[in-house]
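Here the structure comes first, spelled out in structure tokens, and everything after it is commentary.
A short reminder: the numbers here are calculations on the coordinates, not readings from a lab. This structure is a prediction, so every number in the text was calculated from the model and none was measured. Every residue, glycine among them, receives a Cβ derived from its backbone with ideal geometry; neighbour counts consider all protein chains shown.
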Amino acid sequence: MSGCDLVLCIVGKETFSRPHVDWELHEALKGGIKSRKGIIAVLLENRLDSKKFINSETFPVRLNDNLDYIVIEQFSSLNERIQYACEKAKENSKDKMIQVINNKKPMELRKKLYFDN
């Protein structure tokens with residue numbers, strides 16, 4: 001994580017319940033302007049919501065807490081909007097006016113292998 005400027009979070013139906021995703025988002029939001037990462041959340045087509053009407057019940061809490069900071073894109077339009085999304089996420093990470101909310105303890109990582117059942 002230390003060598004990157006941006007984090008791309010692919011958000012499907014179950015992403016909100018994945019401890020390793022929450023952990024990575026927590027790490028991306030840590031620190032001040034010089035160390036935090038820009039975040040792009042990409043909504044997969046299997047979700048029943050859109051970037052204008054996000055279902056907060058199935059959207060990762062850490063992303064939902066930082067809607068002013070993250071850049072949200074639909075998977076279907078990502079090809080046309082990826083450059084804009086990257087530029088906007090990087091700009092947001094350097095913006096002193098945007099404060100992130102990252103005070104929740106990350107979900108506890110599982111002890112077992114991470115295979116979906």
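General remarks:
- The distance between label points at residue 96 and residue 45 comes to 4.4 nm (points 7 Å beyond Cα on the Cα→Cβ vector).
- Separation of the residue 86 and residue 4 label points, Cα + 7 Å toward Cβ, nm: 1.3
- Whole-Hz Karplus values for segment 44-54 come out as 6, 5, 6, 7, 9, 10, 9, 5, 7, 9, 7 Hz, taken residue by residue from phi with 6.51 cos²θ - 1.76 cosθ + 1.60 and θ = phi - 60°; glycine and proline positions read x.
- Note: relative contact order over segment 6-94, using C-alpha pairs below 8 Å and six or more positions apart, is 37 percent.
- Extension gain, residue 103 back to residue 35 (0.36 nm per residue minus Cα-Cα distance, nm): 22.9 nm
- Tensor-based shape of segment 52-117 (alpha-carbon gyration tensor, a/c under 1.5 rounded, otherwise prolate or oblate): oblate
- Interchain or long-range residues, amide H under 5 Å from residue 9's placed H: 40, 41, 42
- Spacing of the modelled spin labels on residue 78 and residue 61, each 7 Å from Cα toward Cβ, amounts to 2.6 nm.
- MRE, 222 nm, helices only [DSSP H, n ≥ 4, -39500 (n - 2.57), over the chain, to nearest 500]: -8000 deg cm²/dmol
- Summarising the overall dimensions of segment 6-94 from its C-alpha atoms, the Rg and Dmax are 12.2, 36 angstrom.
- Exposed loop positions in the chain were taken to be trypsin sites (Lys or Arg not before Pro) whose DSSP state is not H, G, I, E or B and which have at most 15 other beta-carbon atoms within 10 angstrom. Between these positions, the longest stretch is 53-95.
- Among the chymotrypsin sites (Phe, Trp or Tyr not before Pro) found in segment 53-117, those both in a DSSP coil and sparsely packed, with 12 or fewer other Cβ atoms within 10 Å of their Cβ, are 53, 114, 115.
- Dipole check for segment 6-94: with +1 at the C-beta of Lys and Arg, -1 at the C-beta of Asp and Glu, and the Cα centre as origin, the magnitude is about 300 Debye.
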